[in-house]
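Only one structure is covered here, and it is reproduced in the block below.
The values are calculated or read from the model by the stated rules, or taken from the named source; none is laboratory data. Quick caveat, the model's predicted, so the values are computed rather than measured. Cβ atoms come from the backbone with ideal geometry, glycine included; neighbour counts cover every protein chain shown.
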Amino acid sequence: MRVGRLICALALGLFLVALARDGVDRWVAATELPDIIAETSAEMRDRDGALLRLYTVEDGRWRLSVGADGVDPAYLRMLIAYEDRRFYRHSGVDPLALTRALGQAVTRGRVVSGGSTLSMQVARLLEDSGTGRWAGKLRQMRVALALERRLDKAQILDIYLSRAPFGGNLEGVRAATLAWFGKEPARLTPAEAALLVALPQSPEARRPDRAPEAARAARDRVLARMVGAGVLSDEEAAAARTEPVPTARRPFPALAPHLTDLARRQDRLSPRQTLTIRRDLQQSLESLARNSLRDLPDEVSIAIVVADHRNGEILASVGSAGYGAGEGRQGFVDMARAVRSPGSTLKPFIYAMAFDRGLAHPQTLIRDRPVAFGTYAPRNFDGAWRGELPVAEALRQSLNIPAVLLLDEIGPAHLIDAMRRAGVKARLPGGQPGLAVALGGVGVTLTDLVQLYAMLANGGVAQPLHWRAGEAAQATSSRILGRAAAWQVGDILAGLAPPPGAPRGRIAYKTGTSYGYRDAWALGFDGAHVAGVWIGRPDGTPVPGAFGGDLAAPILFEAFQRLKPAADPLPPPPPETLILSTAKLPQPLRRFAGRDAVFTAAEDAPKLVFPPQGARLPVEGGVLPVKLRDGTPPFTWMADGTPVLTGVRRREAVIEGLSRGYSTLSVIDGEGRADRVMIWID
């Protein structure tokens, strides 16, 4: 009878346990889990995977994606040994830990240990709930049991690693190691790992930057526990205790801010983007930009772009001297992509097109002299004239008149079209290109100009610059200039001496200064790379005395020095290149005369300056002063076909005896060349 009752009691007990178990199963199965996937900070990385910049999530927190495979295994061992040593054996709730915590609370009258598992802590993090109330504990237990049914241990651990609080707006172990130690969590010292284990328990009270002593004490308690758990030896723990606790947060990487902002605007959904930027070079050039403006007015900014012209990859892009620079410098404006006047920096492309079309050769002689194209009368920067000189020397001296003469033959629209085909968008103030384009009368960006010079450096083949990794395969290249013409211009520019004090290296470069000293430029290339520098005020106001050669060129050469120890050699001339002296050139190439030279007067033929064609003039007593330019004396002056002055050697004279009405004035020089005008005499 007694045995029968015992069997009945046992059966009833098993039935009640099974009933309770089924109830718990249904209770857990009905659990509505919070969102497991949380937004993480967007990451911008360089070509080698190094961090360039991080962005906070929407609520202003640094929450970085990380998994156990990216964390030091020693830290994981310490975390599990300290927080949840039976993590891999329980199903979300550890009955032994809960029993221990309850017993300690009863016997000591206070909570000594919480008994929470890592799964329960993850449940609390996901719901952002408290830790002290039994109702909260019960909810955490329920969510933890549900998590364990739907996720594996590795997934639960990954959530903890990316969501645990580490003080302030830091969430996750990656954000913590970058902020407190300045490194990724893959390699940690025992002292660093112990601090990371201690911080989430009381992240604000133990913040190293605000309570370093509390942080140190908590870390040392973890180290002591690790010795007892056999994770560390006494010697390792003793050595770790001597390591100082960080007392300040390190700034998160914020390199290439303008370019990374652009990448973020174009793709806001990607958690990670890889750029072609070289982190070390970007950091060095940002420092160069800041240092270069120390002696310049506060409103002056700077931009630097460096690229590999062989594949079009942008290796560094500095948009200003500092993203957070003062209001005067407007550091938030990306001057690498701001539209500005290029000054003389387009001249090399005019010369290259002239070479390519057979209009000139580097040793062709061209006259630098006063000239007018209707109402447009360009002058050299210094107001002086050099007379006849080789085209190559005219480019090296950046003379204005020869460049405008060549562009007049080529046609401004053809230059703009070549720029367009090279991938550059030219902004024309009046809508139609004119000869002023040769001297900067067009809007371009620094990145545009670097792309143009990359084409020149690449033998006349344009390959669009790009800053997203992997875009090179999608880019299409096109030939804009012949190889010989591109090489000839590069050879001319390489003959320029480097700026005073600049590192020596055979770099083909050109400087430019826009009208009114608003923009100072320097662009150059060697056998592998191309770079450009711009200096000016973002608001477009002048910087008096700012010359490209004085300000921008030294920075260009320093940028190349920071890029690599020595310049890559420029290529040899292509086989088709015509390398001859002026005297040995074909007759049409010895002196620049233009296509219509047979039908037009020579450049030095006499030209009547006063009176102008069609003028209506009051003449007192029939006496009219006249003036001419050029020509070879002696001069003969005629009025209506009748000689009135002969043997005149000066270019100014007075004609008498003119009658009222139309009159034709003519002048003939000593070589028989003539000019004439028709005027009205009142």
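Which one is surrounded by the most Cβ atoms within 10 Å (Cβ to Cβ), of the residues in segment 586-603 that are modelled with pLDDT under 90 and aliphatic (A, V, I, L, M)?
Checked segment 586-603; the qualifying residue surrounded by the most Cβ atoms within 10 Å (Cβ to Cβ) is ALA593.
From SER344, SER301, SER320, which residue is of a type in the set (Gly, Ala, Ser) and surrounded by fewer than 24 Cβ atoms within 10 Å (Cβ to Cβ)?
Criteria check complete, one pass: SER344.
Only residues in segment 515-526 that are more than 14 Å from GLN451 (Cβ to Cβ) count as the first member; pair them with residues that are acidic (Asp, Glu), Cβ under 9 angstrom, at least 6 apart or cross-chain, and list the lot.
Within 9 Å, the pairs are ALA520/ASP550; ASP526/ASP568.
Hey, can you tell me all the residues within segment 348-377 that are loosely packed, with under 15 Cβ neighbours inside 10 Å and either free of Cβ contacts under 8 Å to residues at least 40 places away in the same chain or in a loop (DSSP other than H, G, I, E, B) (or both)?
Once the filter is applied, which keeps residues that are loosely packed, with under 15 Cβ neighbours inside 10 Å and either free of Cβ contacts under 8 Å to residues at least 40 places away in the same chain or in a loop (DSSP other than H, G, I, E, B) (or both), segment 348-377 yields GLY358, PRO370, ALA372, GLY374, THR375, ALA377.
If a residue has to be touching a Phe, Trp or Tyr at 6+ places or on another chain (Cβ under 9 Å) and at pLDDT below 90 to count, how many in segment 604-623 make the cut?
4
Just to check your reading of the model, which residue among PRO573, PRO565 is surrounded by fewer than 18 Cβ atoms within 10 Å (Cβ to Cβ), of a type outside the set (A, V, I, L, M) and at pLDDT 95 or above?
PRO573
If I go through segment 536-554 residue by residue, how many of them are of a type in the set (A, V, I, L, M, F, W, C) and either under 15 Å from ALA497 (Cα atoms) or free of Cβ contacts under 8 Å to residues at least 12 places away in the same chain (or both)?
Result for segment 536-554: 2.
Within segment 34-64, track down each residue that is surrounded by fewer than 17 Cβ atoms within 10 Å (Cβ to Cβ), among the hydrophobic types (A, V, I, L, M, F, W, C) and either more than 26 Å from the chain's Cα centre (by Cα) or not in a loop (DSSP other than H, G, I, E, B) (or both).
ILE36, ILE37
Given the conditions (1) more than 23 Å from ALA224 (Cα to Cα); (2) of a type outside the set (S, T, N, Q); (3) modelled with pLDDT of 90 or more; (4) surrounded by fewer than 23 Cβ atoms within 10 Å (Cβ to Cβ), and given that LEU102 satisfies all but one, which numbered condition is not satisfied?
If we test LEU102 against (1) more than 23 Å from ALA224 (Cα to Cα); (2) of a type outside the set (S, T, N, Q); (3) modelled with pLDDT of 90 or more; (4) surrounded by fewer than 23 Cβ atoms within 10 Å (Cβ to Cβ), just (3) comes out false.
Within segment 607-642, restricting attention to residues that are under 19 Å from GLY672 (Cβ atoms) and among the aromatic types (Phe, Trp, Tyr), which residue is surrounded by the fewest Cβ atoms within 10 Å (Cβ to Cβ)?
Selected residue: TRP637.
Yes/no per residue for (1) touching a helix residue (DSSP H, G or I) at 6+ places or on another chain (Cβ under 8 Å); (2) polar (S, T, N, Q); (3) over 24 Å from PRO370 (Cβ atoms):
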position: GLY621; (1), (2), (3): no, no, yes
position: GLU656; (1), (2), (3): yes, no, yes
position: SER663; (1), (2), (3): no, yes, yes
position: VAL667; (1), (2), (3): no, no, no
position: VAL677; (1), (2), (3): no, no, no
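If I ask for residues that are free of Cβ contacts under 8 Å to residues at least 40 places away in the same chain and either more than 20 Å from THR56 (Cβ to Cβ) or more than 30 Å from the chain's Cα centre (by Cα) (or both), which ones from segment 166-191 would you list?
Residue satisfying the conditions is PHE166 alone.
Inside segment 227-252, can you point out the residues that are surrounded by 14 or more Cβ atoms within 10 Å (Cβ to Cβ), under 48 Å from the mean Cα position of the chain (by Cα) and either aliphatic (A, V, I, L, M) or assigned to a helix (DSSP H, G or I) (or both)?
Correct list: VAL231, LEU232, GLU236, ALA237, ALA239, ALA240, ARG241, VAL245.
Can you tell me which residue among ARG225, ARG264 is among the charged types (D, E, K, R) and assigned by TED's automatic domain parsing to the domain that holds GLN282?
ARG264
Out of segment 141-156, which residues are in contact (Cβ under 8 Å) with a residue 60 or more places away in the chain and either closer than 16 Å to ASP35 by Cα or not assigned by TED's automatic domain parsing to the domain that holds ILE37 (or both)?
ARG142, VAL143, LEU145, ALA146, LEU147, ARG149, ARG150, LEU151
Using the structure shown, decide if LEU452 is over 21 Å from ASP604 (Cβ atoms), at pLDDT 95 or above and buried (at least 20 other Cβ atoms within 10 Å of the Cβ).
Yes: the conditions hold for LEU452.
Which numbered condition in (1) under 30 Å from GLU192 (Cα atoms); (2) in contact with a Gly (Cβ under 9 Å, 6 or more places away or on another chain) is the only one that ARG216 fails?
Just one mismatch for ARG216, condition (2).
From (1) at pLDDT 80 or above; (2) more than 30 Å from VAL245 (Cβ to Cβ); (3) among the polar types (S, T, N, Q), pick out the condition that doesn't hold for SER162.
With (1) at pLDDT 80 or above; (2) more than 30 Å from VAL245 (Cβ to Cβ); (3) among the polar types (S, T, N, Q) applied to SER162, the lone miss is (2).
Can you list the strands (runs of 3 or more DSSP E) lying wholly within segment 265-333 that have 2 or more residues being out of contact with any helix residue (DSSP H, G or I) (no Cβ under 9 Å at 6 or more places or on another chain)?
272-274
Looking at ALA531, is it closer than 30 Å to ARG290 by Cβ, outside any strand (DSSP E or B) and of a type in the set (A, V, I, L, M)?
Against the criterion (closer than 30 Å to ARG290 by Cβ, outside any strand (DSSP E or B) and of a type in the set (A, V, I, L, M)), ALA531 does not qualify.
With the requirement that a residue be touching a strand residue (DSSP E or B) at 6+ places or on another chain (Cβ under 7 Å) and of a type in the set (Gly, Ala, Ser), what does segment 332-359 give you?
If the condition is that a residue be touching a strand residue (DSSP E or B) at 6+ places or on another chain (Cβ under 7 Å) and of a type in the set (Gly, Ala, Ser), then ALA336, SER341, GLY343, SER344 are the ones that fit.
Quick one: which residue in ALA566, ALA546 is in contact with a strand residue (DSSP E or B) (Cβ under 9 Å, 6 or more places away or on another chain) and not basic (Lys, Arg)?
On inspection, the qualifying residue turns out to be ALA546.
Can you name the residue in segment 484-527 that is among the hydrophobic types (A, V, I, L, M, F, W, C) and within 24 Å of the chain's Cα centre (by Cα) and, of all such residues, is modelled with the lowest pLDDT?
Among those residues, the one meeting the criterion is ALA502.
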